[in-house]
Every structure is written in structure tokens, then in C-alpha cells.
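Report on one structure; see the data block that follows.
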Amino acid sequence: MSNEIIKYHNDINLIDLNFFSQRELDFLISCFWYLKENEKLRAEISFYDLKEKLKIERIGNTREIAISFAKKIKRIVETYEFIDENNHKITLIGNIFNTVKIDETEEVLILQIDEDFEYLFNKLVNNYTKFELEEFVRINGKYSKILYKFLKQYKLTGYFKISIEQFRELFGVPSSYKNSHISERIINPSIEELKDIFYNLNCKKIRKKRKITHLEFIFLPQTKNGDYDIYK
């Protein structure tokens, strides 16, 4: 896999993607690479290319993941708020993808982005998240991958704060989990998985009247390139 850089608007990090499996998240993020700065808003992606990028053993496995992925795409319906080129405040409700097509004969996945969501992938100057696809694919665990995206968004500051309610929603925390379960089964394993990418990574729980209201993730800030050259 070459050094492919993923880049998208930060709004994508606020989309609930917890219904995707770990492999399907890899699949989705790799699709973002094909859609980056794509003026046609359309991508034809061969199963073979995805197999190589994601290090999937067989084409048959790639096909199965593509079909499962396509069936779940319709669930990505979100509300977005942004300022357009005319300085108008816009609230947009819809699905990023208006076409998801699988050609099993040609072994190709075809994606078409709704033009209203072009801003998520094109002409990005500010408010974007950027990271290496290869690094993302290497990460083990769905929760770790979701946390990784947020930490990359805030890599310049080394500080990411989120309410416990939003954490539960965006990470797909089972309703049966108590806060202690979140630490044991989600936060601690994710920090262990990501500690070699985000130096000195730790999580602080913010309480109000003994009740946890927010989580703060703190780590050594990175440069725009995602490294620590500034400290050398």
C-alpha cells in the first residue's frame, strides 16, 4: 500500500458510523480516498484495488464486505449545518451517497456523492481531518478506529473533549454499559492500541456532582504532517 492520504471535512467525524464493523470502517475510509478532490463526485473502485489497500486475503471476501457495506450505507442519514459560499447558514438533512452500485461481474464498486455534500471532500482549506490510510487500516478495533479519527482532528492541540452522551452515541456504546464498562472495554483498550501513535495519550473524566459529564483525551500535540518533529 502506498502512502495514501485521507482528507475530509470534520463534519464526517460527527456521523454515527458505529453500525459498521471494523472491516467495513476500513472499507468506508478507503472510499474517501477515491472521493477526495473528485470533481465528478463519482468513483469506480475495483475489488482488486480494495483487496490490496485493505490487505484482504481473497477477492471473494472483498465482494462480501462490499455487499454488506452497500446495504448499510443507506443508514448514513445525518443533519449538517454549515455556512455556504453566499454566507448563508444552511441546515442539510440527507445521505452523502445518492448511488451505491456493485457490479459483481466486473468486480467494481461505484459510488456517487450527492452534490450537496461536495464540501465534505472537495476544496478543503480549513476544518478538515487528515491521516494515512495505511495507519488507519493497521489499527485494531472499531472503537480504536473511531477514537483515532477524532484525535487526528485535534492533533495540533493534543486535546479532544466530548460529552459522555455524544460519546455513547458516536461510539455505539451498548445501552447496558455502565460508565465503568466504558472505561474497561472501550477507553482503556483504545488508549493501549493508540499509544504509539499519540504520545502520552490519556483520558480524564469530568464530573459534576459525582456524575461523569465529559471525557477529555489529552496527548502530545503533533505537527500538520502528524509527526513529532517539532520536539526533536
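The values are calculated or read from the model by the stated rules, or taken from the named source; none is laboratory data. Quick caveat, the model's predicted, so the values are computed rather than measured. Methodologically, a virtual Cβ is constructed for each residue, glycine included, from the backbone with ideal geometry; neighbour enumeration extends over all protein chains shown.
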*Can you name the strands (runs of 3 or more DSSP E) wholly within segment 1-107 that have at least 1 residues being within 28 Å of LYS161 (Cβ to Cβ) and under 17 Å from the mean Cα position of the chain (by Cα)?*
5-9, 77-83
*Filter result for VAL108 (farther than 22 Å from LYS7 by Cα, surrounded by 16 or more Cβ atoms within 10 Å (Cβ to Cβ), in contact with a Phe, Trp or Tyr (Cβ under 9 Å, 6 or more places away or on another chain) and in the same structural domain as ASN13 (by TED's automatic domain parsing))*: yes
*Residues of segment 149-194 being under 15 Å from the mean Cα position of the chain (by Cα) and on the phi > 0 side of the Ramachandran plot, which ones?*
GLY172
*Pull up segment 32-65, narrow it to residues that are among the polar types (S, T, N, Q) and surrounded by fewer than 18 Cβ atoms within 10 Å (Cβ to Cβ), then point me to the one that is modelled with the lowest pLDDT.*
ASN61
*Got at least one residue in segment 95-102 being surrounded by 13 or more Cβ atoms within 10 Å (Cβ to Cβ) and more than 26 Å from LYS152 (Cβ to Cβ)?*
yes
*Out of curiosity, is ILE73 modelled with pLDDT under 85, farther than 30 Å from ASN188 by Cβ, in contact with a Lys or Arg (Cβ under 7 Å, 6 or more places away or on another chain) and not small (Gly, Ala, Ser)?*
no
*Which of the following residues is without any contact (Cβ under 8 Å) to a residue 60 or more places away in the chain, within 28 Å of LYS36 (Cβ to Cβ) and either surrounded by fewer than 16 Cβ atoms within 10 Å (Cβ to Cβ) or not assigned by TED's automatic domain parsing to the domain that holds LEU41 (or both): TYR199, TYR128?*
TYR199
_TYR154 hydroxyl-bearing (Ser, Thr, Tyr), within 26 Å of ASN225 (Cβ to Cβ) and in contact with a strand residue (DSSP E or B) (Cβ under 7 Å, 6 or more places away or on another chain)_ = yes
